[in-house]
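Following: one structure in structure tokens, then a few remarks.
The values are calculated or read from the model by the stated rules, or taken from the named source; none is laboratory data. It should be emphasised that the depicted structure is a prediction, and the values quoted were computed from it without experimental measurement. Backbone-built Cβ (ideal geometry, glycine too); neighbour counts: all protein chains shown.
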Amino acid sequence: MLSKKVQNHDGKKISFRFIKRMQRCERAGDNHGEPVKNTEPQATVPQLPEDAQPEEILVKGVAAAGGAVQIACSFSVEDLVIIDLIHKLKLPAGVFALDTGRLNEETYQVAEGITERYGIAIDWFFPRREEVEELLRAKGPYSFRESLENRHECCRIRKVEPLGRALEGLAGWITGMRKEQSTTRTELSCIEIDTLHGGLLKINPLANWSEAQVWEYAKTHRLPVNRLHAQAYPSIGCAPCTRAVAEGEHPRAGRWWWENPEQKECGLHR
Ligand code: SF4
């Protein structure tokens, strides 16, 4: 169930926000008020057949996490498919999103579509205001086009740091990543230990799916996909770092189009 609430051991309904806040507080007590990142693997990766389908990956992954799980929603068509599956499977998994401050208007409309369709509240995370102000005062609003280092700096401030806060208190997180999306994702596992984020379980239900399978599901179930997809935007990130692709181009060719394909990650996943 993609509801805002899950049942605790006493059968009482409690929200994901409440669970995460409690876990943050428990950890803060160990570290003089500062949140502590997980340092040990929190769960065991369950066995899956080679041809495991998204439903099985989700069910086993959420169960194996053994605690709060949320999907990191970038409002891609993949994320919409997963949210729909979570809803149908009635899994206790919530939704969080990172507002980088540079998203397209159309992306917020997808967020509204999700809330209306499933009746869920999205757990939004923003970058730290001081860091964004400092970046813009020092380098202006388009520093990410000047060098890879600058691009990584902007992604770190607007995405990576907020993601760290979003993951605090979670036992696992779900992503919409697929192997065929880019040269940086060919080795992706369906479920893995996320060593980058201290041993959380990372669940990638669509790892083995093709783009055609994703779109077939989205059309069959009339998911509220981003209107920009119909304008030749197969992959959508921040507005100034995404453009439409030409026919025959790789679906992620419009993301950071001025960089080499091997560099096209924002730091969220590697
Ligand atoms: Fe900054 Fe572009 Fe990264 Fe968004 S995608 S955080 S605007 S560099």
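Tabulated data for the structure shown
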{"item": "Where a residue in the range 144-163 is of a type in the set (S, T, N, Q) and its partner, wherever it lies, is part of a helix (DSSP H, G or I) and near the ligand (Cβ under 6 Å from one of its atoms), with Cβ under 8 Å and at least six apart", "result": "N150/F144"}
{"item": "The range 186-214: number of residues that are surrounded by 18 or more Cβ atoms within 10 Å (Cβ to Cβ), in contact (Cβ under 8 Å) with a residue 60 or more places away in the chain and of a type outside the set (A, V, I, L, M)", "result": "6"}
{"item": "Meets criteria (surrounded by 15 or more Cβ atoms within 10 Å (Cβ to Cβ) and within 15 Å of G169 (Cα to Cα)) for A43", "result": "yes"}
{"item": "The lone exception for Q23 - which of (1) over 30 Å from E216 (Cβ atoms); (2) at pLDDT 95 or above; (3) surrounded by fewer than 18 Cβ atoms within 10 Å (Cβ to Cβ) it fails", "result": "(2)"}
{"item": "Residue that is under 13 Å from the mean Cα position of the chain (by Cα), surrounded by 18 or more Cβ atoms within 10 Å (Cβ to Cβ) and over 13 Å from G176 (Cβ atoms), where the choices are L80, L98", "result": "L98"}
{"item": "Complete set of residues in the range 57-77 that are at positive phi and buried (at least 22 other Cβ atoms within 10 Å of the Cβ)", "result": "F75"}
{"item": "Residue check for A138: assigned to a loop (DSSP other than H, G, I, E, B), away from the ligand (no atom under 14 Å from the Cβ) and on the phi < 0 side of the Ramachandran plot", "result": "no"}
{"item": "Residue list for the range 173-206, filter: modelled with pLDDT of 95 or more and of a type in the set (G, A, S)", "result": "G176"}
{"item": "Near pairs, Cβ below 6 angstrom, 6+ apart or cross-chain, from the range 99-118 (closer than 12 Å to D79 by Cβ) to any residue that is within 16 Å of the ligand (Cβ to nearest atom) and not hydroxyl-bearing (S, T, Y)", "result": "T107/F75; V110/F75; V110/N226"}
